[in-house]
Amino acid sequence: MGPEEHKALLNETKPFGGYLVPRGKWSLLGRVFSWLVSKGLFQVHHGERLKKLKESGEVVFALKYRSLLDLTYLTERLSRESLPAPGALFDATSYFWRPLWETLSLTLATIRHLLRKGRFPNPYEAGFYDRILDRGLNPLLFLVGTKGYYQRSILAGGDPLVLLLERQKRTDRPIFVAPFIVLFGRKAGRSEASLLDIFFGPGEDPGALRKVLSFLRNFRWAGLTLGEALNLKEFLEEPENAGKDVHGLAYDARRKLIDSVDEMKRVALGPLKKTRLEMKEMVLNSPRMRKYIDRLARSRKVDHMKVRKEADGYLNEISTDLSNTFVQVWDLILRWVWRTIFDGIEVDEAALDRVRATAKRGVLVYIPCHKSHIDYLLLSQILYNKNISVPLIAAGQNLAFWPMGYIFRKSGAFFLRRTLQGSKFYTEVFANYIRAVLKEGYPIEYFIEGGRSRTGKLVLPKMGLLAMLISACEEGWCNDLIFVPTSITYDRVLEEDAYLRELTGGTKEKESLRQLLSISRYLKKRYGKIYLKFSEPISLKDYVSNLGQELSSMRPRFRYAIFRDMAYRIIRRINDKMVLTPFALVSAACLATPRRGISMAEITQICRLYTDFMREEEVVFSGTLGTIESAVEGTLAMMVSGKLLEMMSIDGVSGPEDLFYAVDEKSRLKLEFYKNGMVHFILPAAYVCVSIISKEGYKASLKEIVDDYDFLQDFFKYEFVWDAELKTKDEAERVLSYLQARDFVTFDT
């Protein structure tokens with residue numbers, strides 16, 4: 001906007017407070033604030049959504065509470081990202097926003113109007129906001145506040161949403177009200193008011209001083225979150241809104257926006273935080289736990305106090321003590337670690353947005369695959385940086401060693417024993433702790449495989465904790481469980497040497513402080529990239545409703561079958577979201593021949609065959625798999641330098657494609673580990689091809705192929721998970737069609 005246009009608009013909008021102008025850096029304070037804002041978090045996908053809204057219609061911003069700091073941060077951050085930003089305010093002046101001479105000019109205009117008319121100017125009657133909207137300046141409204149309440153409900157005066165709804169009735173172009181939250185800290189708040197709340201305002205709507213101090217302390221973790229925009233055109237067209245007066249519609253729209261903001265905050269920060277002692281007290285005093293303790297005391301013929309003390313000991317062993325300070329410290333440490341040893345982390349932002357949207361329906365349960373000790377650190381840190389509440393993590397008791405047990409507990413871990421068999425009392429205490437966690441609405445993360453995979457394949461699921469969660473939801477401890485199958489794929493895992501040692505007969509090294517101190521050796525290597533993908537969330541409520549029968553009415557063996565089916569669904573969805581990496585692809589190609597040596601040309605050809613089939617299967621490829629030739633050449637160089645392969649010296653070699661590589665027998669199992677990360681993608685083709693080449697003359701009928709397919713699938717049922725809903729005949733025909741299209745097989749007529 002040029003100076004002349006700025007001056008004309010300023011005069012046009014007098015005496016209503018004018019419009020907002022970017023603060024720029026015309027003061028030392030402004031420059032400091034701008035620098036602090038630049039260090040905060042910003043989600044690129046929120047910016048993309050905002051751009052699409054602006055392209056599709058008119059955008060009006062919304063904040064829940066009237067806050068100068070929130071408004072300034074929102075405007076500055078969006079302006080820095082070259083995104084649409086608030087250009088005016090409903091029911092507020094912008095004197096504080098402007099240079100001194102403009103503030104004086106606007107104040108004088110207001111005084112002149114007051115002297116002439118005997119009252120303050122009314123921007124609604126004067127059409128000020130319509131002119132602002134006509135110019136596309138994206139005004140901002142506050143959803144909650146004393147001034148707005150009295151103006152709307154007591155004085156029956158102007159209401160921004162009434163004006164917007166009436167404007168929407170006059171135009172086909174949709175008006176979007178985009179609610180934002182501005183987070184200057186990541187604490188969810190406490191269930192009871194503290195002394196700070198009395199003097200500096202509650203955590204939900206803190207006073208100005210508390211908010212400024214929170215921003216200065218946490219500016220690196222400050223960030224914006226865009227909620228679900230309310231499309232006023234669609235809102236007016238909803239059947240339940242037919243015939244309502246505009247004031248009633250405005251009230252309903254405001255409630256929807258406030259609910260959206262509250263839901264965003266819950267997703268970002270989690271439920272109100274209860275201390276570890278509060279959670280333990282909830283468990284010990286729950287009716288179910290009290291009855292169990294009474295019954296156990298009578299059967300043991302001991303005092304109730306002794307049994308309660310034993311239960312308290314179990315809770316000390318189990319319970320978490322999540323601290324936001326520890327999470328922030330972990331975030332700083334892990335950012336440095338990831339930069340040091342990895343080449344980047346790719347996150348499926350669109351899928352994560354879907355996860356965020358489903359969080360309001362129930363308790364989120366993240367279920368990632370487990371290939372490395374850093375899985376849980378990585379997922380929590382990514383969620384934290386995406387303004388999604390950090391989950392409580394079910395960790396094995398082996399990780400409770402000092403001092404990491406204390407640190408993990410403060411970072412959100414709760415601990416469980418490797419097996420729940422043999423201790424019914426411990427199991428009952430643990431189950432009641434899970435019920436309390438679900439009742440409070442904390443998101444949970446656990447590994448359905450139990451321990452880390454040493455082979456690269458997903459381990460068949462363990463159903464103990466899954467059964468506990470489903471049973472607790474069925475008993476009404478939460479509205480719904482939303483399972484989020486999550487795949488974490490590494491170009492290379494840190495523990496590959498330890499896995500090789502264990503697979504060749506070595507004993508698993510127990511987690512300890514000594515092992516922790518040796519972590520520095522990992523910082524001297526590079527391990528490629530990490531790929532984090534989220535499958536479509538699974539709603540337990542939807543799943544049960546599709547069964548047509550309540551779980552509580554099922555016999556135990558049928559209930560177990562349901563638990564097993566859910567577990568295998570989750571594992572399959574994790575498998576489907578695994579990313580094909582160059583390391584896995586080249587490992588599979590190098591192991592595809594019985595010969596010790598294999599040329600780069602052969603490796604490249606095999607990789608092309610694999611990738612061609614996997615494209616048909618809609619497998620997710622890593623970004624580094626641009627061209628097969630460059631991916632193969634770069635990966636082979638990494639494998640040679642990492643002593644996984646040996647480059648063979650051959651006379652008469654004319655180019656890189658003629659180079660020969662030999663698998664180092666000591667490292668073969670490492671290559672097997674990475675190959676196993678992709679082998680499930682090619683199983684259908686492998687089953688069909690094995691059937692054909694096992695027949696005399698390589699001739700097989702469809703029935704023979706299907707029979708062999710069924711046999712192989714059953715034979716490997718403890719190695720691989722398959723989709724029971726897919727018919728083997730359909731799978732075999734699909735693969736045969738693919739093979740025929742590429743002239744690998746022909747059909748006799």
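Considering the stretch 506-634 at the alpha-carbon level, its Rg and Dmax are found to be 21.7, 61 Å.
Normalising the average separation of contacting C-alpha pairs (under 8 angstrom, six or more residues apart) by the number of residues puts the relative contact order of the stretch 381-492 at 24 percent.
Average projection, convex hull of the Cα set of the stretch 247-356: 12.9 square nanometres.
Accessible area per residue, 1.4 Å probe, Å², for the stretch 44-98: what's the number? Don't skip to the end; give the middle numbers.
On the way: 1920 Å² over 55 residues.
Heavy-atom SASA per residue in the stretch 44-98 reads 35 Å².
Using +1 on the beta carbon of Lys and Arg, -1 on that of Asp and Glu, and nothing else charged, what's the dipole of the chain about the Cα centre, debye to 20?
Details: 111 positive and 93 negative charges, 712 e Å.
Result for the chain is approximately 3420 debye, rounded to the nearest 20.
Quote the relative contact order of the chain in percent (integer), defining contacts as alpha-carbon pairs under 8 Å separated by 6+ residues. Relative CO of the chain lands at 10 percent.
Ordering of 639-646, 558-565 by packing is 639-646, 558-565, highest average first (other Cβ atoms within 10 Å, averaged per residue).
Quick one: Kirkwood hydrodynamic radius for the stretch 610-749, alpha-carbon pairs, angstrom, one decimal?
Working: mean 1/r = 0.0560 Å⁻¹.
This gives a value of 17.9 Å.
In the stretch 381-449, the inverse of the mean reciprocal separation of distinct Cα atoms equals 13.2 Å; this is its Kirkwood hydrodynamic radius. Over all Cα atoms in the chain, the spread is summed up by Rg and Dmax: 30.9, 105 Å.
Pairs spanning more than 29 Å between alpha-carbon atoms, out of Lys524/Lys666; Lys64/Lys233; Lys265/Lys457: Lys265/Lys457.
Counting only protein heavy atoms and using a 1.4 Å probe, what share of the accessible area of the chain belongs to carbon plus sulfur, as a whole percent? Don't jump to the answer; show the numbers that get you there.
Values: 20210 of 36010 Å².
Exposed carbon and sulfur together represent 56 percent of the surface.
Taking a straight line from the alpha carbon of Lys541, these aspartates and glutamates sit under 18 Å away, with near neighbours fewer than eight places off in the same chain left out: Glu474, Glu475, Asp480, Glu550, Asp565. Near Gly677: Cβ cut-off under 9 Å, other residues only, Lys/Arg at +1 and Asp/Glu at -1. The net charge is +3.
Of the beta bridges in the chain, as assigned by DSSP with both residues counted there, near 40 percent are antiparallel.
Taking the Cα centre of the stretch 627-749 as origin and charging only Cβ (+1 Lys, Arg; -1 Asp, Glu), how large is the dipole, in debye to the nearest 20? Numbers along the way, then the final one.
Details: 13 positive and 23 negative charges, 46 e Å.
Dipole of the stretch 627-749, to the nearest 20 debye: 220 debye.
Rg to Rh for the stretch 309-451: what is it, with Cα atoms only and Rh by Kirkwood?
On the way: Rg = 15.7 Å, Rh = 16.2 Å.
In the stretch 309-451, Rg relative to Rh is 0.97.
Starting from the Kirkwood Rh over alpha-carbon pairs, what translational D in µm² s⁻¹ does the stretch 406-485 have by Stokes-Einstein at 4 °C and 1.567 mPa s? Walk me through the intermediate numbers first.
Numbers: Rh = 14.1 Å.
Estimated diffusion coefficient is 92 µm²/s.
Of the residues Leu465, Ser214, Tyr251, the one whose Cα sits farthest toward the positive end of the charge dipole of the chain, with +1 on the Cβ of Lys and Arg and -1 on the Cβ of Asp and Glu, is Ser214.
The residues neighbouring Gly528, those whose beta-carbon lies less than 13 Å from its own, together hold a net charge of 0 under the Lys/Arg +1, Asp/Glu -1 convention.
Modelled spin labels at Lys233 and Lys169, positioned 7 Å past Cα toward Cβ, are 1.8 nm from each other.
In the chain, a dipole from Cβ-located charges (positive for Lys and Arg, negative for Asp and Glu) runs towards its positive end, and of Tyr292, Leu625, Pro684 it is Tyr292 whose Cα lies farthest in that direction. The residues packed around Ser622, meaning those with a beta-carbon under 10 Å from its beta-carbon, carry a net charge of -1 if Lys and Arg are +1 and Asp and Glu are -1. In the chain, with Lys and Arg counted as +1 and Asp and Glu as -1 at Cβ, which of these residues, Ile393, Gly548, Ser105, has the Cα nearest the positive end of the dipole, that is, farthest along it? The one lying farthest along the dipole's positive direction is Ser105. Shape summary of the stretch 666-731, radius of gyration then Dmax from alpha carbon positions: 13.7, 42 Å.
The values are calculated or read from the model by the stated rules, or taken from the named source; none is laboratory data. Small disclaimer: the values here were computed from a predicted structure and weren't measured. Ideal geometry is used to build each Cβ from the backbone, glycine not excepted, and the neighbour counts take in all protein chains shown. Each accessible area value is taken on the protein alone, full model and side chains, heavy atoms only, with ligands, DNA and RNA left out. Shrake-Rupley method; radii C 1.70, N 1.55, O 1.52, S 1.80 Å.
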